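The values are calculated or read from the model by the stated rules, or taken from the named source; none is laboratory data. Please read all numbers here as calculations on a predicted model, not as lab measurements. Note that each Cβ is placed from the backbone with ideal geometry, even for glycine, and that neighbours are counted across all protein chains shown. For accessibility, only protein heavy atoms count, side chains too; no ligands or nucleic acids. Shrake-Rupley method; radii C 1.70, N 1.55, O 1.52, S 1.80 Å.
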Amino acid sequence: MSLQHKIERTTVRTLMKMPGALAGRLAGVVESVSREGLDPKLRLLLALGDGRKGFHELPLAQGRALYGHMIDMLDVDRQEVALTRDIRVPVEGGDTLVRLYRPKSAPTEDSPAIMFFHGGGFTIGSAVEYDRLCRHIANLTGAVVLNVDYRLAPENPAPTAADDCIAAWRWLGEQAGDLGIDTGRLATMGDSAGGNLSIVVAQQAAIQGLSIPKLVVAVYPKTDGASDMPSVTQLGGGQGGLDSDMIHWFHNHYMQDATLVDDYRISPLRNPDIAGHPDTIVVTATDPLRDEGIAYSEKLKAADVNVVNLDYPELVHGFITMGGAIPSARKAVNAITRQIKERL
C-alpha cells in the first residue's frame with residue numbers, strides 16, 4: 001500500500017468515527033446530489049468521493065487498482081482463521097484460483113461450506129481483494145469458505161465467468177470428501193456480479209446434475225442481462241456506489257455477444273423452471289440493481305421456494321465490503337451471516 005493510500009485510509013476511518021448526526025450535517029454541506037435517507041456516515045463517505053473518477057472512467061488496469069484500494073480502505077480488518085489453502089481448479093482452457101478458509105470452529109470432517117463469488121461487474125475485483133470479507137464470513141458462520149477467482153472480462157467475456165464458477169462447483173462436489181466438507185450443507189454466495197453467479201451456479205447444478213446447494217445467498221444480485229429495469233434509471237444517477245454509466249460499462253465488457261442475453265447463465269431471472277430451487281436469501285439496498293433482486297425474489301416465491309428478504313434502504317450497492325468503516329454496513333453483514341448460520 002502506498003503512503004498516499006495509507007493516509008487516505010486513516011483519514012476515512014477517522015472521519016467515520018464522528019457522531020452520525022455530525023456526519024450527516026457535514027455531508028449535506030458537501031454532497032453534490034441529495035442522499036437523504038441513507039446512513040449519515042455513508043452519506044459523508046459518498047460525498048467525499050463526489051467528483052472523483054469512477055472505475056469506468058479510468059484505463060482498465062487503473063480502474064481495477066482503484067477498486068482494490070477502495071475495498072482495502074473500507075473493508076473489515078484481516079482476521080485469522082485455522083487454515084488457508086490456495087488451490088488451482090481446472091476450468092476450460094486452464095485453471096483458476098480457489099482460496100479455501102477453514103475457521104477454528106469448523107469440524108475437520110463434514111463441515112458446512114460456502115462457495116463465494118466476488119463482485120465487480122464481471123470486470124474488476126478478485127479473490128485477493130475479497131480475502132478479508134471471506135475470512136470474516138468463515139469466522140461468523142463456522143463454515144469453510146471457498147473464494148473463487150473466476151476470469152474477468154473483457155479479456156474473458158460472457159459466459160466465461162459463469163462457466164468458471166460452474167466448473168469450480170463441480171470440482172467441489174467431487175473433492176468435498178477429501179476437503180472434509182458435507183455436500184448436504186453447501187451454499188453459494190456472492191454480491192452483485194457474484195450474486196448473479198451464486199444464482200447461476202445453483203440453477204446450473206440442477207440442470208447439469210451436480211450437487212444442489214442447500215442455500216443460495218444473493219447480495220444485491222445482477223439477475224438479468226438487459227440492465228433495463230426502472231431502478232437503473234431511478235437510482236442510477238450517482239446517489240450511491242453504482243451508477244447507470246458504470247452498469248453499462250460493465251455490461252459492454254462482459255456481454256460482447258448480445259445474443260447471450262437469454263442464456264440462463266447470464267440472465268437467471270429468465271429461467272422458467274425454478275421449482276425446487278434451494279432456500280434463498282436475497283439482499284437489497286438503495287441500489288440501481290434493486291428491481292432485479294426483487295423480481296427474482298418474487299419469482300422464487302411464486303414457485304413456492306423459501307425466500308428470506310433482507311432489505312437495507314439506508315445502504316447502497318457495495319456495502320458488503322464497507323464493514324470496516326461504516327458501522328451500519330458491518331451490522332448488515334453480520335445479520336446476513338447469522339441468517340446463513342441458522343440455515344446451513
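Using only Cα atoms, tell me the angle between helix 3-15 and the longest principal axis of the chain; keep it within 0 to 90° and round to the nearest 10. So the helix axis and the longest Cα principal axis differ by about 80 degrees.
Sum up the charges of everything whose Cβ sits under 14 Å from the Cβ of MET246, counting Lys and Arg as +1 and Asp and Glu as -1, but leave MET246 out. Charge balance in the 14 Å sphere: 0. Here LYS17 is the anchor, and the lysines within straight C-alpha reach of less than 21 Å, apart from those fewer than 8 places off in the same chain, are LYS6, LYS41, LYS331. Pairwise Cα separations in the chain fall into 10 Å bins from 0 onward with the following percentages, short to long: 6, 27, 36, 23, 7, 0.
Compared with the dominant principal axis of the Cα atoms in the chain, helix 131-141 is inclined by about 70°.
Under 18 Å from a label point set 7 Å out along the Cα-to-Cβ vector of THR14, the amide N atoms of the range 65-98 belong to 73-74. Annotation: per residue accessible area for the chain equals 40 Å², rounded to a whole number [probe 1.4 Å, protein chains only].
Within a Cβ distance under 13 Å of TYR220, other residues only, what is the Lys/Arg minus Asp/Glu net charge? Show your work: numbers first, answer last.
Numbers: positive: LYS222, ARG290; negative: ASP191, ASP287, ASP291, GLU292, ASP311.
Net local charge, TYR220 excluded: -3.
Farthest towards the positive end of the charge dipole of the chain, among the residues VAL12, GLN339, LEU215, is the Cα of VAL12, using unit charges on the Cβ of Lys, Arg, Asp and Glu. For the range 39-164, the dipole from Cβ point charges (+1 on Lys and Arg, -1 on Asp and Glu) about the Cα centre works out to 360 debye, to the nearest 20.
Residues within the reach of a label modelled at GLN79 (point 7 angstrom out along Cα to beta-carbon, backbone nitrogen below 17 Å), restricted to the range 208-222: there are none.
Only Lys, Arg, Asp and Glu count, each charged at its Cβ (+1, +1, -1, -1), so figure out the dipole size of the range 119-180 about its Cα centre, rounded to 20 debye. Mind dumping the intermediate values first?
Numbers: 4 positive and 8 negative charges, 39 e Å.
Once rounded to the nearest 20, the dipole reads 180 debye.
Considering only ALA202, LEU315, MET115, and ranking their Cα positions along the charge dipole of the chain that arises from unit charges at the beta-carbon of Lys, Arg, Asp and Glu, the one farthest toward the positive end is LEU315.
A compact globular protein would have a Cα radius of gyration near 2.2 N^0.38 Å; the ratio found for the range 208-344 is 1.08. In this Cβ point-charge picture (+1 for Lys and Arg, -1 for Asp and Glu), the chain has a dipole of about 1240 debye about its Cα centre.
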